[in-house]
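S.K.: Have a look at the structure that comes next, please.
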Amino acid sequence: MQIFIESGIAFIIAVQSSMGDWLIAPMRFFSYLGNEEFFLLVLPLIYWSVDSALGLRVGFILVTSNLFNYAGKLIFAGPRPYWLSSHVRALWLTETTFGIPSGHAQLAVSVWGMFAAYGRRIWVWVVAIIIIFLIGLSRIFLGVHFPHDVIFGWLIGAVILWAFIRFWDPVAAWVGKQTLRQQIVNAFIGSLLFIALGLGTWTLRSGYQVPVTWLFNAQLAGTELPDPVDANSTFTSAGTFFGLAVGAAWIMSMGGYNASGSIGKRAIRYVVGLVGILILYMGLGEIFPRGDGFIFYLLRYIRYTLVGWWVAGGAPWVFVRFKLAELTKSL
């Protein structure tokens, strides 16, 4: 591993010095296209206002890929380049987790790959592949990932994408034969499996001490300090998964949500839906205390369950109720 780290640092320094500072803004833009927050804005837009079937797929692959990335980071516990070398410029200032695998690279393959697989057109695949490559390159240029972090993220993302493409239809058919109560119970069991995986890997590093040199170099770079062992992400993914599943099951029990309609109605749905997300996400974020421990994790799980439920079921119900959308027989 040391040879990858040393050669990676040399490569990043060469890339940053040779490509020029004019690329900082474009690289930050492409990096944002692989950001979790970006997908959280795009997911509701797709599900509410473009194509509900695609939106549902994107939602589930997003939370699943996010959980596996969290687990992978804890298993490998790899550093960020600028934590090791003060010669690497940190041009993206908000990273506190371990480096490998790259979450941006992994989510890019998972989500942009899902767009391409669903579209089933060559030009969509070409665009997706270009975006995926540029997102990975941006993480290296910005000094927050080694090349092997990005490559490993791409590989994991590809495996998750393959699994979703291969098993989505048979799993959906199996779920469709269950009652609403059975679907809710199975969704809760699925979220518990998320928690088991997340906490299982978290225990591997629960006593981890961040090296002083990592802290010093991060402080020297002017970035947030490393805080790579945090169990909260597990409950974020688990709660969101449970909420999405319950919301989707609930709206399906009423006939399913149809994202078609006039441009005006689609725009209104997105704005109204985002207001609901802000109330649940930011409002509950202000009310619920944050920290580590059972009560904090439970409140985070509840908070993200409500957000996931609102996206998949609550908001669509409001749209139908106020005649901004219609129900359909299937998604």
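The values are calculated or read from the model by the stated rules, or taken from the named source; none is laboratory data. Remember, predicted model here, so these are calculated numbers, not experimental data. Counting neighbours? That spans all protein chains shown, and the Cβs are built from the backbone with ideal geometry, glycine included.
S.K.: Select, from 91, 107, the only residue that is closer than 23 Å to residue 37 by Cβ and either outside any helix (DSSP H, G or I) or among the charged types (D, E, K, R) (or both).
M.R.: Values: 107 fails: either outside any helix (DSSP H, G or I) or among the charged types (D, E, K, R) (or both).
Of 91, 107, the one residue that is closer than 23 Å to residue 37 by Cβ and either outside any helix (DSSP H, G or I) or among the charged types (D, E, K, R) (or both) is 91.
S.K.: So, residue 246, is that one modelled with pLDDT of 90 or more, out of contact with any strand residue (DSSP E or B) (no Cβ under 7 Å at 6 or more places or on another chain) and either more than 24 Å from residue 189 (Cβ to Cβ) or not in a helix (DSSP H, G or I) (or both) or not?
M.R.: In short, no.
S.K.: Of the residues 77, 105, 117, which single one is at positive phi and either within 15 Å of the chain's Cα centre (by Cα) or among the small types (Gly, Ala, Ser) (or both)?
M.R.: On the way: 105 fails: at positive phi; 117 fails: at positive phi.
None of the others qualify; the one that does is 77.
S.K.: Moving on to the next point. Which one of these does residue 182 not meet: (1) more than 20 Å from residue 239 (Cα to Cα); (2) loosely packed, with under 15 Cβ neighbours inside 10 Å?
M.R.: Evaluating residue 182 over (1) more than 20 Å from residue 239 (Cα to Cα); (2) loosely packed, with under 15 Cβ neighbours inside 10 Å leaves (1) as the failure.
S.K.: Within the group 156, 165, which residue is touching a Pro at 6+ places or on another chain (Cβ under 6 Å), in a helix (DSSP H, G or I) and touching a residue at least 24 places away in the same chain (Cβ under 8 Å)? Steps first, please.
M.R.: Working: 165 fails: touching a Pro at 6+ places or on another chain (Cβ under 6 Å).
Matching residue, one of 156, 165: 156.
S.K.: Being closer than 14 Å to residue 240 by Cβ and among the basic types (Lys, Arg) is the filter here; which residues of the stretch 285-331 pass it?
M.R.: Selection gives 300, 303.
S.K.: Take residue 280 and decide whether it is under 16 Å from residue 44 (Cα atoms), in contact with a Leu (Cβ under 9 Å, 6 or more places away or on another chain) and surrounded by fewer than 18 Cβ atoms within 10 Å (Cβ to Cβ). Break it down stepwise before answering.
M.R.: Details: under 16 Å from residue 44 (Cα atoms): yes; in contact with a Leu (Cβ under 9 Å, 6 or more places away or on another chain): yes; surrounded by fewer than 18 Cβ atoms within 10 Å (Cβ to Cβ): no.
In short, no.
S.K.: List the pairs whose first member sits in the stretch 311-322 and is in contact (Cβ under 8 Å) with a residue 24 or more places away in the chain, whose second member is among the aliphatic types (A, V, I, L, M) and not in a helix (DSSP H, G or I), and whose Cβ atoms are under 6 Å apart, counting only residues at least 6 apart or on separate chains?
M.R.: Matching pairs, first to second residue: 319/325; 320/327.
S.K.: Picking from 215, 199, 220, which residue would you name as being surrounded by fewer than 22 Cβ atoms within 10 Å (Cβ to Cβ) and closer than 28 Å to residue 299 by Cβ? I'd like the intermediate steps shown before the answer.
M.R.: On the way: 215 fails: closer than 28 Å to residue 299 by Cβ; 220 fails: closer than 28 Å to residue 299 by Cβ.
None of the others qualify; the one that does is 199.
S.K.: Which of the residues that make up the stretch 133-149 are in a helix (DSSP H, G or I) and crowded, with 24+ Cβ neighbours inside 10 Å?
M.R.: Keep residues of the stretch 133-149 that are in a helix (DSSP H, G or I), which gives 133-141, 147-149.
Those that are in a helix (DSSP H, G or I) and crowded, with 24+ Cβ neighbours inside 10 Å: 135, 136, 138, 139, 141, 149.
S.K.: Same structure, new question: Identify the residue in the stretch 91-115 that is crowded, with 22+ Cβ neighbours inside 10 Å and aliphatic (A, V, I, L, M) and, among all such residues, is nearest to residue 66 (Cα to Cα).
M.R.: Filtering first and then ranking leaves 107.
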